[in-house]
Each structure stands twice: as structure tokens, then as C-alpha cells.
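The values are calculated or read from the model by the stated rules, or taken from the named source; none is laboratory data. Here the structure is a predicted model, which is why all the values come from computation and not from measurement. When we count neighbours, we look across all protein chains shown, and the Cβ atoms used for this are built from the backbone with ideal geometry, even at glycine. SASA here: full protein model, heavy atoms, side chains in, ligands and nucleic acids out. Shrake-Rupley method; radii C 1.70, N 1.55, O 1.52, S 1.80 Å.
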Amino acid sequence: LERARYFGSSKLSLQRLVFVNELVDCAHEIGYEATVTHLLPLVKQLAGDAEVLVRQSLVGHFGGLAGFLIQSDPERGYQKVVDDVLPVVSMLLTEKASEVRQGAADALTTLASHLRSGERGDQVLMTVIAMSHNNDDEDARGTAVQLLNSLAEALGRDLCQQFVGVGLIALCEDPAFRVRKATASSFAEVAKVVDDDYVLRRLLPAFGGLVHDAHWGVRKSAAESLVGLAMSLKKEVRMEQFVPMMNDLLKDSSRWVRMSALQQLGYFIAAHEDGKKVPEGLLTQYVEIIEQSKANPDAADISYHCAYTFAAVTSTMGADRWETLQAPFSSLCRDMGSLCRDTQLKTRKSMAASMHIVAQTLGCELTEQEVLPQFE
């Protein structure tokens, strides 16, 4: 205890950092009462430390500290977390140093899992909502977007439909493109929690606005997030709304948006889970990009994603559509510029690791004709 008190209030930042890194272990060693009496005041003091590294390290230990307090005394310890730890985390959410702010956001998500439903709404959610309304701090709004998504499961359906979804929809209209870009990637977890009807009525129109946003960076983020959002819905209603969005992204005026959409195309086709519902144009375009990627050195990432999704696309389309996929599969495995001989190890590994799925889809006869020769 004496060592902890000395290091925690030391003028040397390195010693203060040592205290922070030993905080939770020290709490377990000295017990609940001594932690509350001696360590918590030091924690509050160090939350305003002049050294960014000390503050950054401190936020990473709040989850462990909260767990110790609650386990040691479920009632008093819980109240200490609410009264003492949570306000410190909330304060650090507005830090200018991005490392500290991100750590505080992660800590708040962890703390929410320790809290009862009342405090999750009154303390955690209201803090995030207030940040999302801070018109003078773009960083605070960006952090709020991230938290609305990461806290969705802990907050539950009712709070998500009443507050979180409404907050996300409002942030889709934020004047800062970085906030809108963050919002585009923050729908999936919320969509998993709320009803499908809520997603279709409220969230999808807002997400569609981001697909057609004026800034290419926002549209690129939407392209990268579209499949995750689609997968949050039941497969019966999954694709009707998303096919037009994917088509628009594939034809986007920005090369970077188109590239991101092409990378996601295989995942998108596989997400249908029913080959009969896959538009012919999407499958044709998928086959074409496999061929085009071999001749384009700038398409290295697309080659990898094609290889990674080929088995899933084959499984979705079924053996009946093998004729369409046969040519790209054969060329993938035979041509010197093919994915199976790609310069990227991860691309070759993806093809090798998924051959068995292709074989399961095709059956014995086609496997002997098409798949087995490729192992040579």
C-alpha cells in the first residue's frame, strides 16, 4: 500500500505509470476498504495527469477495477463504480488526445456490462446522447457514434429503438463528413438488437442516404459496412433493399468507392444464402472482376477477397450454377497469373483452405473432374 501511494503521487511520470499498471493487482492485494480509501482518490487525481501515457494506461484498467469493486462488495462496490469510476470515464471521453478518448470509450463499453439497466440508461446512454449533441466538438460526436453502436447489446431493444437509433439517424445529417463516415460503419450492432421492422422503416432509409452521400469517404464507409448491416436481418427480408444500394456503389463515380464495393461483392452474394435470389448481373460482375484482377496489379486486395469468398459464393449458387463459375475457377487455378499462384500468400491460402467447400457443393463427379486436378 505504501509503495502504491508513493508511486501514485510521485513527481516522476514513470513511477505514476507503474502505479497505474499495478492498480488492479494492488487492489486485490490490499482489499476493498483500503482500495476505496487510498486508491480511488489517486485514480481521480491521475485522470487529470499531465502525461498522456498515464491517462491512456489508466482508462485501460477501469474495467478490471470496476469488476474488483463489485465482486468484493456487490452493493457498496457497485455504488462506488457508479459514483466514482463512471464519472471519471465520462470526463475522459471528451479528451483531446485520441488515444485517451478511445480508451475511455472502450472502458465505458466494458463498464456498461457491469451496470444494471437503470444506470445503463440514466448514466451511460445519457452521457453518450449529450456527446452526440455537442455541436462544438466534432471528436465528441464521432466518439458518440462509436459508442451508440458498441453499447447497443448492453442497452437492449427498447433503449435502442427509443434513443440509439434516433441518435444514429440524426448523426447521418451531421455537417462533418468524418462523423457521417463513422455513422455509416455503426449500424450493424444496433440493427442486431432492434426489430427487423425498425431496421427497414427507420435505419435503412438513413443508411441509404449515406450510400449516396456527397463525400466519397462516407460512401466508401457505407460500401464496407453494407454486408454487415444486411446480415443483421432475417434472410427472408435481407436483400430486397440492399441490391439497389450495392448496384449504385458498384457504379459510383469514385474509384475508391467502386473498389470497396467490388471487395464486398463476394460477401454480398454469399449473404443471400439462396442462389435463386441473386441477380444475374451481380454474379456476372463477380466473375468478371476475378478475370480482371489477374491483369491489374492495383487489384491485389480484390484478388484476395475474391479468393476468400469464392467457396461461399459457390455454396450459395449451388452446383446448378457451376457452369458460370467453372471458367473463373479453372483460370484461378491454372493460369500463371491466377489466385492460386498469386504473389500474396494470403490469397493462395484462402483458395487452398476452401477447396473442400467447393467439393461439398459440387458432389463427387464434378469434384473429380474440376477440383481434384487443381491440387496438383
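Taking residues in the stretch 186-205 that are closer than 15 Å to residue 154 by Cβ and assigned to a helix (DSSP H, G or I), and partners anywhere that are hydrophobic (A, V, I, L, M, F, W, C) and open to solvent by 60 Å² or more (accessible area, probe 1.4 Å), the pairs with Cβ atoms closer than 9 Å and at least 6 places apart or on different chains are 192/231. Checking each residue in the stretch 151-170 for being open to solvent by 20 Å² or more (accessible area, probe 1.4 Å) and under 16 Å from the mean Cα position of the chain (by Cα) picks out 153, 154. The combined condition, being over 23 Å from residue 100 (Cβ atoms) and basic (Lys, Arg), is fulfilled by residue 3. Please state which of the following conditions residue 37 fails to meet, knowing it meets all the rest: (1) modelled with pLDDT under 90; (2) open to solvent by 60 Å² or more (accessible area, probe 1.4 Å). The failed condition is (1).
Restricting the stretch 40-56 to residues that are in contact with a Leu (Cβ under 8 Å, 6 or more places away or on another chain), surrounded by fewer than 21 Cβ atoms within 10 Å (Cβ to Cβ) and of a type in the set (D, E, K, R) leaves a set whose member that is farthest from residue 90 (Cα to Cα) is 51. Does residue 11 meet the test of being out of contact with any Gly (no Cβ under 8 Å at 6 or more places or on another chain), farther than 30 Å from residue 136 by Cα and not in a helix (DSSP H, G or I)? Yes, satisfied. Scanning the stretch 209-220 finds no residues that are over 19 Å from the mean Cα position of the chain (by Cα), over 24 Å from residue 145 (Cα atoms), not in a helix (DSSP H, G or I) and not charged (D, E, K, R).
The condition of being within 20 Å of residue 23 (Cβ to Cβ) and modelled with pLDDT of 90 or more holds for residue 92.
Taken together, the criteria place residue 221 among residues that are open to solvent by less than 60 Å² (accessible area, probe 1.4 Å), touching a residue at least 24 places away in the same chain (Cβ under 8 Å) and farther than 27 Å from residue 359 by Cα. Residue by residue through the stretch 17-60, note down the ones that are in a helix (DSSP H, G or I), under 29 Å from the mean Cα position of the chain (by Cα) and not basic (Lys, Arg). Listed by number, the residues that qualify are 20, 21, 24, 52, 53, 54, 56, 57, 58, 59. Just one residue in the set 20, 59, 89, 85 is open to solvent by less than 20 Å² (accessible area, probe 1.4 Å), more than 27 Å from residue 130 (Cα to Cα) and not acidic (Asp, Glu); that residue is 20. Would you point out the residue of the stretch 133-150, among those that are closer than 12 Å to residue 176 by Cβ and of a type in the set (S, T, N, Q), that is least open to solvent (accessible area, probe 1.4 Å)? The qualifying residue least open to solvent (accessible area, probe 1.4 Å) is 134.
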